[in-house]
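First the structure, in the form of structure tokens, and then the observations on it.
The values are calculated or read from the model by the stated rules, or taken from the named source; none is laboratory data. This structure is a prediction, so every number in the text was calculated from the model and none was measured. Note that each Cβ is placed from the backbone with ideal geometry, even for glycine, and that neighbours are counted across all protein chains shown. All accessible areas refer to the heavy atoms of the entire protein, side chains included, with ligands and DNA or RNA removed. Shrake-Rupley method; radii C 1.70, N 1.55, O 1.52, S 1.80 Å.
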Amino acid sequence: MIGSKRKLWILDVLMLPFGLLTFFPFYIIIVNTFKSEFETATKPVSLPTSWNFSNYARVFEETPILRSFGNSLFLTVTAVILMVLIGAMAAYPIVYNRTRVNRVIMGYLLLGFMVPFQTLLVPLFQLMTNLKLVDKLYGLTTMYLGGSVFVFFLILGYMKTIPKDLSEAAIIDGCSIWGIFWKIILPLLQPITVTCAVLQTMWIWNDFLSPMLFLSSRENTTLVLEIYKAKGEFAVNWPMFMTMTVITLAPVFVFFIAMQKQIVEGIVGGAVKG
């Protein structure tokens, strides 16, 4: 017991420099949000001489960051809910109705999952242009639904571990197939659906490439695009730039901390049951 504690203590000491090294960029970003441009340029690493919140006030006064926050929130919430539902509903017949057609469909989805997203950008943009989905928030939400395939495979492995006796007993009691899914299967999928929701939330909230390609107007800008547009052609106001970065990262950081327990439970549960 004493030997195990000593090993953990030594491991903590060895990991401390790596932890500090990882935290250092966040330290630089956070402390410089409280400085003037001159102080940021001359003393980027030191603590601010006075804690000045004017950069935060200027960001909210001079940029449409609240509207961008609403756009990011709409895209993330809508797309994640739909992806989890589609992934769960797609896995349900594959697990509980193993026909040849369903196996072919699963193989087709697997092929789609293996194709890199970057290779599909040109035909995808052409398709969305023809469907008049470019520069539309619901259009980008529709494009994000392609991520349902990733959710599908995560839920598929977890759903296979649920005893089929439960659904058979429900059928004997007169429950419909639709009722079995909503009342029995979906609640049992809570650990893996939470894990999927967290992973997809972090992807969509931080995504830069897709909004850059498919959203062109300022009123549809997301938070990540707002940071990009804050960079001038010849000069950058670094304190305001870093302030916008902190405002963008704060919601997803709080969300990740709040859901950390569910993420670990979902990953461990999936690994053990899978």
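Pairing each residue of the stretch 24-51 that is over 10 Å from W238 (Cα atoms) with any residue that is polar (S, T, N, Q) and open to solvent by 80 Å² or more (accessible area, probe 1.4 Å), provided the two are 6+ apart or on different chains, yields C-beta distances under 9 Å for E39/T49; K43/T49. The lone criterion from (1) within 30 Å of A41 (Cα to Cα); (2) at pLDDT below 85 left unmet by M212 is number (2).
Taken over the stretch 83-105, residues that are without any contact (Cβ under 8 Å) to a residue 60 or more places away in the chain and either under 12 Å from L186 (Cα atoms) or touching a helix residue (DSSP H, G or I) at 6+ places or on another chain (Cβ under 7 Å) (or both) amount to 3. Can you confirm whether the stretch 164-180 contains a residue that is in contact (Cβ under 8 Å) with a residue 60 or more places away in the chain, farther than 27 Å from V77 by Cα and either open to solvent by less than 30 Å² (accessible area, probe 1.4 Å) or not hydrophobic (A, V, I, L, M, F, W, C) (or both)? Yes, the stretch 164-180 has at least one match. Remark: V13 matches the filter, which requires a residue to be in a helix (DSSP H, G or I), at pLDDT below 85 and β-branched (V, I, T). Among the residues making up the stretch 108-147, those that are closer than 20 Å to L85 by Cα, of a type outside the set (S, T, Y) and modelled with pLDDT under 90 are L109, L110, G112, F113, G146, G147. Selection of first residues in the stretch 216-237 that are assigned to a loop (DSSP other than H, G, I, E, B) and of second residues that are modelled with pLDDT of 85 or more and open to solvent by 30 Å² or more (accessible area, probe 1.4 Å), restricted to Cβ pairs under 6 Å at least 6 apart or on distinct chains, gives the following pairs, ordered by first then second residue: S216/D135; S217/D135; A230/F241. Please pick out the residue among T142, T129 that is under 21 Å from the mean Cα position of the chain (by Cα) and under 17 Å from S216 (Cβ atoms). Testing whether each residue is under 21 Å from the mean Cα position of the chain (by Cα) and under 17 Å from S216 (Cβ atoms) leaves just T142.
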